[in-house]
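What follows is a short report on a single structure.
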Amino acid sequence: MTAEFDCPFCGHTNEYDDDDDQEFGFPCGNCPATIDLEYEDGYVAVMKACLKLECQCLKCAGDLALEITEKEGSDTGFCSKCKSKLLVTWSDSDVDDVEITETTIDFYCPCDGTALRLAEITSEDGGKEMLCRECDHNLSVTWCDWQLAEISVG
Ligand SMILES: [Zn+2]
Ligand SMILES: [Zn+2]
Ligand SMILES: [Zn+2]
């Protein structure tokens, strides 16, 4: 028995054959979506559809892949490279906007080269004081556009 159903992402009409096809992870014939189905008495119902959305981090151009289940929406994920938290908004199964909502800034102490990190940065520009754990100097670190701007020893 075969039955037809429409892809929730692109609207393409797919044909399901209950002899050959899998109910889980059915690949849409027109777009990269995979669809979970339920087949009963000659009818198929779409249970869940998934599409992988590829985005790029604004800070380091690293990749982020989100699994989306709706044509439009927004979700957060982490950059695979710099671990920044990114807010992705999409519509029509396409990326509309990527925003950084949180990042970490790695830097080295100018006195002794100790690797230090400022975590949980949630504003685009700002500054923070930090003690180097090795030399005990007070460092004043500023950032701009989510990237390290200046380090001064206080
Ligand atoms: Zn499709
Ligand atoms: Zn990144
Ligand atoms: Zn130091």
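The values are calculated or read from the model by the stated rules, or taken from the named source; none is laboratory data. Here the structure is a predicted model, which means the values were calculated and not measured. Positions of Cβ are generated from backbone atoms using ideal geometry, with glycine treated the same way; all protein chains shown enter the neighbour counts.
Scanning for something modelled with pLDDT of 95 or more, surrounded by 14 or more Cβ atoms within 10 Å (Cβ to Cβ), hydroxyl-bearing (Ser, Thr, Tyr) and more than 16 Å from ligand 1 (Cβ to nearest atom), does segment 109-119 turn up at least one residue? Within segment 109-119, one or more residues are modelled with pLDDT of 95 or more, surrounded by 14 or more Cβ atoms within 10 Å (Cβ to Cβ), hydroxyl-bearing (Ser, Thr, Tyr) and more than 16 Å from ligand 1 (Cβ to nearest atom). I need the full set of residues from segment 10-26 which are assigned to a strand (DSSP E or B) and either over 23 Å from SER91 (Cβ atoms) or within 16 Å of ligand 3 (Cβ to nearest atom) (or both), in order please. Within segment 10-26, GLU15, TYR16, ASP17, PHE26 meet the criteria. Residues in segment 128-146 that are exposed (fewer than 12 other Cβ atoms within 10 Å of the Cβ) and under 27 Å from the mean Cα position of the chain (by Cα): ASP145 alone.
The criterion of at least 1 residues that are within 16 Å of ligand 3 (Cβ to nearest atom) is met by the following strands (runs of 3 or more DSSP E) wholly inside segment 77-154: 94-108, 115-121, 126-131, 138-144, 147-153. Inspection of segment 56-65 identifies no residue that is touching a residue at least 24 places away in the same chain (Cβ under 8 Å), touching a Leu at 6+ places or on another chain (Cβ under 9 Å) and either away from ligand 2 (no atom under 14 Å from the Cβ) or more than 30 Å from THR104 (Cβ to Cβ) (or both). Listed conditions (1) closer than 30 Å to LEU148 by Cα; (2) hydroxyl-bearing (Ser, Thr, Tyr); (3) under 18 Å from the mean Cα position of the chain (by Cα) are all met by THR114, apart from (3). Selection of segment 27-41 for residues being closer than 12 Å to PHE5 by Cβ, part of a loop (DSSP other than H, G, I, E, B) and in contact with a Lys or Arg (Cβ under 7 Å, 6 or more places away or on another chain) yields an empty set. Considering ASP41, ASP36, the condition of being modelled with pLDDT of 95 or more, among the charged types (D, E, K, R) and away from ligand 3 (no atom under 16 Å from the Cβ) is satisfied by ASP36 alone. The single residue among GLY62, GLY29, GLY73, GLY77 that is on the phi > 0 side of the Ramachandran plot and outside the structural domain of ILE121 (by TED's automatic domain parsing) turns out to be GLY73.
Taking the criterion of being crowded, with 16+ Cβ neighbours inside 10 Å and touching a Gly at 6+ places or on another chain (Cβ under 7 Å), the residues of segment 57-80 that qualify are LEU64, LEU66, CYS79.
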